[in-house]
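Peer 1: Dumping the structure here so I can ask a few things about it.
Every number in this text was worked out from the coordinates using simple rules, so none of it is lab data. Note that the coordinates shown come from a computational prediction; the quantities given were computed from them, not determined experimentally. So basically every Cβ, Gly included, is an ideal-geometry build from the backbone, and we count neighbours across all protein chains shown.
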């Protein structure tokens, strides 16, 4: 089980470094935090990692049993185009999550939680680097007319509000979002990476195991602080209470579901050998894991709130409250415990898009009542965001027939995917030619 | 391996079942301890430590990793450090299944030697380890009360 490591060509390395200075200014703190919180762990390496000893033949789909592609030109043309979109979307998520974490990183109330998030940001930075490596280390010209420089330029130009997937276009409201995002959205990332381990493009498949190893810690960065907050929530004056956690769950879970793609799709990726699960199958497993996660967090809360109960009695109490959706011994399903919303709640993509399904699966006929129902379950700061006001506008439009469902699904607030140049100067690109060793030092970028 | 038994790598969602097993074995509820330990092993090598599921319920765990350089022992060594099996699920070769998975991972990481330390009083654990092929090591454990 080996690993090959490599770096980007100089101009892309410079572009990534430049992006980091603007979007990830905490990066220079990584080494110090690593020494303090992960002293015996392998040092962080900003590099592309490819696992060796991977399967050499296509594992699923129409070409199952044939040798995996080593170059894009060896792929089925449809698969190559689809893969290019997947890599671009994957890269967008990596860089997008750093931009989101950055927004509230300084608001952490616990130095360890903050150091964990910093490590997550550094490793997402490496994952983005990995995707850029895939785009720039092979000839994609048989698949696209877009030059690699322009593909990288587009990825680095995306900002919160212009990323490919909606989950990466939401601002964080507080450090609660850093944590709950890691628990819910990074979990989708784990599924995507796991599904792509079978990818028919060998370098893509070989990129996945090292990323997955790192992603495992990202999920813990979400789950462990949630568990500890839940325990403290059972005591007096908690900094983060269960209703606050619940509102964050309601904010992120729905966007996580949509990251799998439309529930009715995904067969094409399986047929092309790019993934091994359809969207619905993957989403089903994700929901099951999220259920287990919330059960575990709730049990931690119950044990802390009823310390005299034995494990068996505490588990029985929780099981009863959950089954009845009621209140037993003062423990309330509605007020004290975390719940997953129904899959149709607050949806903008997929088979439930704009269907006015409530938190518990109830259906609404009155759009204003539905908007109020959703708003009451979201974090206060998020309710005031452009994202939510755009959703409400689209929801009202679909309900009245003034906006077609397809148009509402396609619509995103502040869509500015093209033309986001480096903020240093209006005319400067992220990717620029970097002089060779004998040339002068670049002067455009600070 | 017992029917319905599945061995898989440890994840962050195993904190609760590992805490439950430890509580059943020791009588102590120590979620903080297991949160810290589970995260440590996931962070260091997410594929190394293993849990056993019986019909979908976690009934055993074994935590360990490959390290080198400890105590002047330079050879990469797979260290078996924590394990536990739910008392209600014993007698199904769960410990053996966990150890085989862990040792297999150690080998894939380049280790040709596995080590563990058992307290003299834990004769049951020592017997279990010896039945799985471990031998007394030519090492001495020392301690000093502080």
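Peer 1: Rounded, prolate or oblate for region A:161-234? Axes are the square roots of the Cα gyration tensor eigenvalues, ordered a ≥ b ≥ c, and the cut-off for rounded is a/c under 1.5.
Peer 2: Oblate shape, in that a/c is at least 1.5 and b/c is the bigger or equal ratio.
Peer 1: Got a sec? How would A:193, B:10 order by Cβ neighbour count within 10 Å, fewest to most?
Peer 2: A:193, B:10
Peer 1: Which order results if A:368, B:35 are arranged by neighbouring Cβ count within 10 Å, fewest first?
Peer 2: Details: A:368 12, B:35 22.
By the 10 Å Cβ count, ascending: A:368, B:35.
Peer 1: Related question: Could you tell me how many degrees, from 0 to 90 and to the nearest 10, lie between the Cα long axis of helix A:10-23 and the main elongation axis, the longest principal axis, of the Cα atoms of chain A?
Peer 2: 30
Peer 1: Can you tell me how much longer the chain between residue A:389 and residue A:264 gets when fully stretched, taken as 0.36 nm per residue apart minus their C-alpha distance, in nm with one decimal? Could you put the intermediate results ahead of the total?
Peer 2: Details: separation 125, 0.36 × 125 = 45.00 nm, distance 2.76 nm.
Contour length minus the Cα-Cα distance gives 42.2 nm.
Peer 1: Please work out how much length the chain gains when fully extended from residue B:96 to residue B:82, using 0.36 nm per residue of separation minus the C-alpha to C-alpha distance, in nm with one decimal.
Peer 2: 3.6 nm
Peer 1: So, one more: Just to confirm the number: angle between the C-alpha axis of helix A:175-195 and the first principal axis of chain A, 0 to 90 degrees, nearest 10?
Peer 2: Tilt relative to chain A: about 60 degrees.
Peer 1: Quick check: Cα centre of region B:34-91 to Cα centre of region A:173-231, how many Å?
Peer 2: The distance from the Cα centre of region B:34-91 to that of region A:173-231 comes to 21 Å.
Peer 1: Does region A:1-41 come out rounded, prolate or oblate by the C-alpha gyration tensor, with a ≥ b ≥ c the root eigenvalues, rounded set by a/c under 1.5 and, if not, prolate when a/b is larger than b/c and oblate if not?
Peer 2: oblate
Peer 1: Where the centroid of each part is defined by its Cα atoms, how far is region A:273-329 from region A:9-73 in Å?
Peer 2: Rounded to whole Å, the Cα centres lie 34 Å apart.
Peer 1: Hey, another quick one. Once label points are set 7 Å from the Cα along Cα→Cβ at both residue A:17 and residue B:131, what is their separation, rounded to one decimal in nm?
Peer 2: Here the modelled spin labels are 6.0 nm apart.
Peer 1: Also, quick follow-up: Per-residue mean of other chain beta-carbon atoms within 10 angstrom of the beta-carbon, peptide A:305-312?
Peer 2: Across the residues of A:305-312, the mean count of other-chain Cβ atoms within 10 Å is 1.
Peer 1: Where does each of B:99, A:239, A:257 land when they are ranked from fewest to most other beta-carbon atoms within 10 angstrom? Please list the in-between numbers first.
Peer 2: Working: B:99 24, A:239 12, A:257 28.
Arranged by neighbour count, lowest to highest, B:99, A:239, A:257 become A:239, B:99, A:257.
Peer 1: Out of all DSSP beta bridges with both ends in chain B, state the antiparallel percent to the nearest 5.
Peer 2: 85
Peer 1: Now for a different question. Just from its helices, what would the mean residue ellipticity at 222 nm be for the protein assembly as shown, if runs of 4 or more DSSP H residues each count -39500 (n - 2.57) and the sum is divided by every residue, rounded to the nearest 500 deg cm²/dmol?
Peer 2: Numbers: 20 runs with 290 residues, N = 592.
-16000 deg cm²/dmol, from helical runs alone.
Peer 1: Compute the angle between helix A:202-233 and the longest alpha-carbon principal axis of chain A, please, reported from 0 to 90 degrees and rounded to the nearest 10.
Peer 2: Between the helix axis and the principal axis of chain A, the angle is about 30 degrees.
Peer 1: Specify whether the C-alpha gyration tensor of the protein assembly as shown places it in the rounded, prolate or oblate class, a ≥ b ≥ c being the square roots of the eigenvalues: rounded for a/c under 1.5, otherwise prolate if a/b is larger than b/c and oblate if not.
Peer 2: oblate
Peer 1: Rounded to whole Å and sorted largest first, what semi-axes of the equivalent ellipsoid does the C-alpha gyration tensor of region A:189-338 yield via the square root of 5 times each eigenvalue? Before the final figure, lay out each step's value.
Peer 2: Details: eigenvalues 264, 54, 34 Å².
In descending order the semi-axes read 36, 16, 13 Å.
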